[in-house]
1. Is the range A:83-97 home to any residue that is within 16 Å of A:LEU31 (Cα to Cα), touching a residue at least 60 places away in the same chain (Cβ under 8 Å) and within 14 Å of chain B (Cβ to nearest Cβ)?
2. Looking at B:PHE145, B:PHE121 in this structure, which one is over 21 Å from B:SER96 (Cα atoms) and either under 21 Å from the mean Cα position of the chain (by Cα) or at pLDDT 90 or above (or both)?
3. Checking the conditions here, which among B:ILE165, B:ILE124 is within 14 Å of chain A (Cβ to nearest Cβ), aliphatic (A, V, I, L, M), in a helix (DSSP H, G or I) and in contact (Cβ under 8 Å) with a residue 12 or more places away in the chain?
4. Only one of B:ARG54, B:ARG49, B:ARG40, B:ARG90 is more than 11 Å from chain A (Cβ to nearest Cβ), at pLDDT 90 or above and exposed (fewer than 15 other Cβ atoms within 10 Å of the Cβ). Can you tell me which?
5. Can you tell me which of A:GLY126, A:GLY100 is assigned to a helix (DSSP H, G or I), within 14 Å of chain B (Cβ to nearest Cβ) and surrounded by fewer than 24 Cβ atoms within 10 Å (Cβ to Cβ)?
6. Scanning for something surrounded by 15 or more Cβ atoms within 10 Å (Cβ to Cβ), in contact (Cβ under 8 Å) with a residue 60 or more places away in the chain and part of a loop (DSSP other than H, G, I, E, B), does the range A:175-183 turn up at least one residue?
7. In the range A:174-182, is there at least one residue being within 30 Å of A:VAL9 (Cβ to Cβ) and basic (Lys, Arg)?
Amino acid sequence: MRLGLVRLVMRGVLDLRTRGRLLQYLVGTDLKRTHADTVMGQVWWLIDPFFSMAIYAILVTVVFAKQIPDAPLFLFAAILPWQWFQTSLVDATTSVTARGNLIRQIQFPKIVLPAASSIAGTITFGFGLFSLAVLYLVYPGRLSPWLLMIPVIAAVQYVFTLALGILFAGVNTFYRDVQNLLRHVTRIWFYASPAIYSVTALKGSVFGLVLALNPFTYLLTSYRNVAYYGMAPDWVGLLSVLLVSLVLLAFSIWVFKRIETGFAKIL
Amino acid sequence: MPASPYAIDVQDLGIRYNLHLTRRTTIKGSLAEWVGRRQRDDHFFWALRHITFRIAHGESIGILGPNGAGKSTLLLALAGILAPDEGSIRVTGRVSSLLTLGAGFEMEISGRENIALIGAFMGIRHRVIRDLTASIIEFADIGPFIDAPVRTYSSGMRARLGFSIATAIAPDILLLDEVLGTGDEEFRARSQQRIRDLVTRARAIVLVTHDLNSVSEYCNRALLMEKGQVLHEGPPEETVEFYRDRVRKRKARLAEEEAARAAAGLPAPVTLDGFRAPGRPG
């Protein structure tokens, strides 16, 4: 029985919509698991990003101090969303293989697994925004109303992350190479994105083409625009990323639903 | 859609495992294979093939057969966990398999939270599972541990909680795999009582077992499976007798061969009693 592309994608979307409660529990479980057995428990959600921010801040004030003004804010505005992307993607990729036992025992739509991972990552990112807020105590002059656009940029990034997460989770079930490869790919991707440098620094070079094709060029530039420069996000760039992400999401759901029936056999 | 007269209608069911795509598959392996262009046929192991049977409402079917006959695969297919590669399965009503004996727990959250999580995985409505939680906890009888992470449970406690969740809702169609003797004497007695309750309430039952007596006791029909096929179908006594006869004949044949070999002065071969597809637990 093979359903057409549209019907299969719709079925995948329906899976997610009808299993809201399951998604909610899975996200809760994911969040609890990260800091189970720690004295401070959930407080770590706030402390973790704060520490990583502090390390970057110290590092860059020592190294980049002269080149970039207010370097900690410049960096953290891009590194925070990047870390959200990376952890969500890695978690989503292994989300199906990690639940092999359950998949062999209960019939349920497997697509909730990568979806839950990406939602849990988003909540962690939300906590990370608090430590970004702390930075404005040091650089109050950088505050601007454009900061309110962060959820809009994040929404675009979320669609992109979800799309890749669903695709990788499905393929990784058959080929565990994906999760290994991902570690290296994300590292290269990080340096190929304007996280620790600005796009203008590389305009016109050969590397410019790589940047032009990288969705994170537009996402990170937009974050930096609103959080650091106090200006509008790159609307055209964001819209393009959103459109590409939606097409990719449909493709990912289609692939996932096509191969989902085989999961129980190989896990 | 008119209500089907059958609880389960299996037509020409086939389920195969791709032997080259097991859990240790890597892209490199697949590429090598693809480049090598080996014969397609030897890629597959048919765990089930050409299986056709129907179970009417009110019936109770026993499935017999040696290890590796495909009994567990058949249950997984009836539960909807494995999709048919050939043929079709039509099931009318809510299916529940008592395969869920605790392996699916989330270790870092409490037993109580696991009840909610697994209930949601099983697709049981939130309100229903909330109302059932108290009785699930009572039946599992693991005391204050219910609010501790499942990681801290003994295997017996896990099995009890798993059983309690899996049996909390009476299904229309009950799929039973024999492994039901968990826990201490007291719990085993209670769990058997609960299974009897489910058996009386279910509209159809499929029981996989090695215990030939329980087939005669619980079932009104029995299938004998071997190597993924149905060898015999009929009343329980008849099928059990057929099976016993087959085992006797096989033993006799083996003994004969053994004797012949001993007479010829050859060493005894190493034999395996049945086999399983790779990557599958017993």
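The values are calculated or read from the model by the stated rules, or taken from the named source; none is laboratory data. Small disclaimer: the values here were computed from a predicted structure and weren't measured. Glycine also receives a Cβ, built like all others from the backbone with ideal geometry; neighbour counts cover every protein chain displayed.
1. Checked the range A:83-97: at least one residue is within 16 Å of A:LEU31 (Cα to Cα), touching a residue at least 60 places away in the same chain (Cβ under 8 Å) and within 14 Å of chain B (Cβ to nearest Cβ).
2. On the way: B:PHE121 fails: over 21 Å from B:SER96 (Cα atoms).
Only one candidate passes the filter, namely B:PHE145.
3. Values: B:ILE124 fails: in a helix (DSSP H, G or I).
Being within 14 Å of chain A (Cβ to nearest Cβ), aliphatic (A, V, I, L, M), in a helix (DSSP H, G or I) and in contact (Cβ under 8 Å) with a residue 12 or more places away in the chain holds for just one of B:ILE165, B:ILE124, which is B:ILE165.
4. Details: B:ARG54 fails: exposed (fewer than 15 other Cβ atoms within 10 Å of the Cβ); B:ARG49 fails: exposed (fewer than 15 other Cβ atoms within 10 Å of the Cβ); B:ARG40 fails: at pLDDT 90 or above.
B:ARG90 is the lone residue from the list that is more than 11 Å from chain A (Cβ to nearest Cβ), at pLDDT 90 or above and exposed (fewer than 15 other Cβ atoms within 10 Å of the Cβ).
5. Details: A:GLY126 fails: within 14 Å of chain B (Cβ to nearest Cβ).
One residue alone meets the criteria, A:GLY100.
6. So the first thing to find is which residues in the range A:175-183 are surrounded by 15 or more Cβ atoms within 10 Å (Cβ to Cβ), and the list is A:175-179, A:181-182.
From what is left, the residues that are in contact (Cβ under 8 Å) with a residue 60 or more places away in the chain are A:176, A:178-179, A:182.
From what is left, the residues that are part of a loop (DSSP other than H, G, I, E, B) are A:176.
Yes, the range A:175-183 contains at least one residue that is surrounded by 15 or more Cβ atoms within 10 Å (Cβ to Cβ), in contact (Cβ under 8 Å) with a residue 60 or more places away in the chain and part of a loop (DSSP other than H, G, I, E, B).
7. To start, the set of residues in the range A:174-182 that are within 30 Å of A:VAL9 (Cβ to Cβ) comprises A:174-182.
From what is left, the residues that are basic (Lys, Arg) are A:176.
Yes: one or more hits.
For every residue, the table says whether it meets (1) over 17 Å from B:VAL247 (Cβ atoms); (2) within 16 Å of the chain's Cα centre (by Cα); (3) β-branched (Val, Ile, Thr); (4) at pLDDT below 90.
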site	(1), (2), (3), (4)
B:ARG196	yes, no, no, yes
B:ARG203	yes, no, no, yes
B:THR209	no, yes, yes, yes
B:LEU212	no, no, no, yes
B:GLU217	yes, no, no, yes
B:LEU223	no, yes, no, no
B:PRO236	no, no, no, no
